[in-house]
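Undergrad: Structure below; questions to follow.
The values are calculated or read from the model by the stated rules, or taken from the named source; none is laboratory data. Quantities reported herein were computed from a predicted structural model and do not represent experimental measurements. Because the Cβ atoms are built from the backbone with ideal geometry, glycine has one as well, and the counts that use them run over all protein chains shown. The protein model used for the area step is the full one, side chains on, heavy atoms only, and it has no ligands, DNA or RNA in it. Shrake-Rupley method; radii C 1.70, N 1.55, O 1.52, S 1.80 Å.
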Amino acid sequence: MKASRCRFVHLSVGVLLTLGQGACRGDDQRTDSLTRDAVQEARETLDPALVAQLDSGNLATRSGAYETAARHYMRATEIDATSAAAWFGVYMSERALGNAEAATEALARARELAPGASLLDPEGAESTPPP
């Protein structure tokens, strides 16, 4: 698998896992082209330890345990420092904890790993077009 596709898979799976069954906003990206089988197939290409940490971080996020979530996402970055999904999880949990500097750094890392990914524009800022 090419490195850029692998990064996209990591980001896509991670974001889907992170978002879980949250409510959709009107400006959410369409995901109806993703099937359960496609998501499962993508998950199977990832390190099981990475998936376990992402899943644990996602569960903690959904229950509002942001400190726990941050620890799981940071462990995920230690397993795979190139996982944009893990860095996005760090961003979300640090933001929820009010740690603006850590959140900003994590989001920058995720954007670096997955340039142009519209899902990495959680603030809705359109000022930086994709390359």
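Undergrad: If I filter segment 67-90 down to residues being within 11 Å of the chain's Cα centre (by Cα) and among the hydrophobic types (A, V, I, L, M, F, W, C), which single residue comes out as most open to solvent (accessible area, probe 1.4 Å)?
TA: Trp87
Undergrad: Among (1) surrounded by fewer than 17 Cβ atoms within 10 Å (Cβ to Cβ); (2) of a type outside the set (Asp, Glu); (3) at pLDDT 95 or above, which single condition is Ser93 missing?
TA: Of the numbered conditions (1) surrounded by fewer than 17 Cβ atoms within 10 Å (Cβ to Cβ); (2) of a type outside the set (Asp, Glu); (3) at pLDDT 95 or above, the odd one out for Ser93 is (1).
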